[in-house]
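Q: Below are the structure tokens for one structure; questions will follow.
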Amino acid sequence: MQHSDNTHSFRQLVQTERPLVLPGAHDALSALLIRQAGFKAYFIGGFPLVGARYGLPDIGLAALGEIAAGIRDIMAASDLPVLVDVDNGYGDIKNVIHSVHTYEKLGAQALFFEDQVSPKRCGHIAGKTLLSTEDMETRIRAAAENRLNPDTFIIARTDAREVYDLDEALRRGERYAKAGADGIFIEAPESVEELETIGRSLDATLMANMLEGGRTPILRPDELEQLGFRIVIYGINLLMHATKTMRECLEDIRSGELRLTGRGVSFEEYKRIVGFYDWAALEDRYAR
């Protein structure tokens, strides 16, 4: 029912936006709100999705089928171009290709997958083990050569900064770009200086991840664009704020004081957000 006027593909937006800012959606309602706020594209990450949908941490407990079910429901609520987190592809080469096909068939225009060994972890949590550079290069080539749509934008993520050091992350980033990745994502740099080094060192389309409470300093989109980043994700902001608000609301109910009553969106405003009046108009139009 709710459609945007955006006719640009994800690949086109990467070229035209300075930078392309992607808020993270953890459910269908957040995807609706992102579109209604005027953003041109958005992001679905594994960390917020498995937390919001299954109440689980992002440590490899949910697999492709479970995560794809959540992504399907989120994407059904918004027609904006979306970047989907494919984790590590959920297995070997054939699983990587199958995952790419699964999300392409759902309508995803952009994907990223990482060089972690299963069970994978959120990029800002310690305890990761990485594939060899050669294994990841093979996965990138396989994904690029077997994508169903040649315009599907494939981003290669490396977690080498946390496991090894920044030099290894940059080395891998350069090799992943040569292997066929459309974009490079160096996860969890630990300072503005490291972000500057990434932007200066890699001749590729770069993505930055602004994770609240993570290892990387939180910068504004214009600051990251000046450092050389073309795609910026604010992947968990909505989930973190929604979780805090729900906890405060529950404490208010438990206390019996009900001080927060009326402080949320109004009943009428919520009905507008989810398209109640559009459906009511259709009912009236076809009523006998």
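The values are calculated or read from the model by the stated rules, or taken from the named source; none is laboratory data. As the structure is a prediction and not an experimental result, all values here were calculated from the model. A quick note on method: Cβ atoms are made from the backbone with ideal geometry, for glycine too, and the neighbour counts reach across all protein chains shown.
Listed here are the residues, each with its yes/no results for (1) crowded, with 23+ Cβ neighbours inside 10 Å; (2) assigned to a helix (DSSP H, G or I).
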site: 40; (1), (2): no, no
site: 61; (1), (2): no, no
site: 73; (1), (2): no, yes
site: 89; (1), (2): yes, no
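Q: Any idea how many residues of region 160-187 are closer than 18 Å to residue 133 by Cβ and within 21 Å of the chain's Cα centre (by Cα)?
A: 14
Q: Here's a follow-up. If the requirement is being of a type in the set (Lys, Arg) and within 27 Å of residue 237 (Cβ to Cβ), which of these qualifies: 172, 147, 141, 215?
A: Result of the check over 172, 147, 141, 215: 215.
Q: Confirm whether residue 111 is under 23 Å from residue 235 (Cα atoms), surrounded by 21 or more Cβ atoms within 10 Å (Cβ to Cβ), at pLDDT 95 or above and not β-branched (Val, Ile, Thr).
A: So residue 111 passes the test.
Q: Taking the stated definitions as given, is residue 222 part of a loop (DSSP other than H, G, I, E, B), loosely packed, with under 14 Cβ neighbours inside 10 Å and either at negative phi or charged (D, E, K, R) (or both)?
A: For residue 222, the condition - part of a loop (DSSP other than H, G, I, E, B), loosely packed, with under 14 Cβ neighbours inside 10 Å and either at negative phi or charged (D, E, K, R) (or both) - is not met.
Q: Kindly establish whether residue 238 is under 30 Å from the mean Cα position of the chain (by Cα) and either surrounded by 11 or more Cβ atoms within 10 Å (Cβ to Cβ) or not in a helix (DSSP H, G or I) (or both).
A: Here the answer is yes, as residue 238 does meet what is asked.
Q: If you take the residues in region 50-59 that are among the hydrophobic types (A, V, I, L, M, F, W, C) and without any contact (Cβ under 8 Å) to a residue 60 or more places away in the chain, which one is surrounded by the most Cβ atoms within 10 Å (Cβ to Cβ)?
A: Looking at residues that are among the hydrophobic types (A, V, I, L, M, F, W, C) and without any contact (Cβ under 8 Å) to a residue 60 or more places away in the chain, I get 50.
Q: Among the residues in region 236-257, are any touching a residue at least 12 places away in the same chain (Cβ under 8 Å) and touching a Ser or Thr at 6+ places or on another chain (Cβ under 6 Å)?
A: Yes, there is a match, as at least one residue in region 236-257 is touching a residue at least 12 places away in the same chain (Cβ under 8 Å) and touching a Ser or Thr at 6+ places or on another chain (Cβ under 6 Å).
Q: Would you check if there is a residue in region 65-86 being over 15 Å from the mean Cα position of the chain (by Cα) and modelled with pLDDT under 95?
A: Checked against the condition, which is being over 15 Å from the mean Cα position of the chain (by Cα) and modelled with pLDDT under 95, region 65-86 yields no hits at all.
Q: On to the next question. Does residue 189 count as out of contact with any His (no Cβ under 8 Å at 6 or more places or on another chain), at pLDDT 95 or above and surrounded by fewer than 16 Cβ atoms within 10 Å (Cβ to Cβ)?
A: Spelling it out, it is not the case that residue 189 is out of contact with any His (no Cβ under 8 Å at 6 or more places or on another chain), at pLDDT 95 or above and surrounded by fewer than 16 Cβ atoms within 10 Å (Cβ to Cβ).
Q: Another question about this same structure. Looking at this structure, is residue 43 in contact (Cβ under 8 Å) with a residue 24 or more places away in the chain and in contact with a Cys (Cβ under 9 Å, 6 or more places away or on another chain)?
A: no
Q: Please verify whether region 117-129 includes one or more residues that are crowded, with 19+ Cβ neighbours inside 10 Å and modelled with pLDDT of 95 or more.
A: No, the conditions are met nowhere in region 117-129.
Q: Could you identify the single residue in 135, 115, 92, 58 that is touching a Leu at 6+ places or on another chain (Cβ under 7 Å), closer than 25 Å to residue 168 by Cβ and among the acidic types (Asp, Glu)?
A: 115
Q: Only one residue in 84, 117 is in contact (Cβ under 8 Å) with a residue 12 or more places away in the chain and within 17 Å of residue 233 (Cβ to Cβ), so which one is that?
A: 84
Q: Which of the residues spanning region 252-276 are of a type in the set (Ser, Thr, Tyr) and under 19 Å from residue 31 (Cβ atoms)?
A: Once the filter is applied, which keeps residues that are of a type in the set (Ser, Thr, Tyr) and under 19 Å from residue 31 (Cβ atoms), region 252-276 yields only 270.
Q: In region 241-275, which residues are part of a helix (DSSP H, G or I), among the hydrophobic types (A, V, I, L, M, F, W, C), under 21 Å from residue 77 (Cα atoms) and under 28 Å from the mean Cα position of the chain (by Cα)?
A: Correct list: 242, 273.
Q: Next up: Tally up the residues in region 196-215 that are within 16 Å of the chain's Cα centre (by Cα) and not small (Gly, Ala, Ser), please.
A: Result for region 196-215: 6.
Q: Can you name every residue in region 75-85 that is outside any loop (DSSP other than H, G, I, E, B) and surrounded by 23 or more Cβ atoms within 10 Å (Cβ to Cβ)?
A: 82, 83, 84, 85
Q: Here is a follow-up. Could you check how many residues of region 162-173 are at pLDDT 95 or above, surrounded by 15 or more Cβ atoms within 10 Å (Cβ to Cβ) and not hydrophobic (A, V, I, L, M, F, W, C)?
A: Number satisfying all stated conditions: 4.
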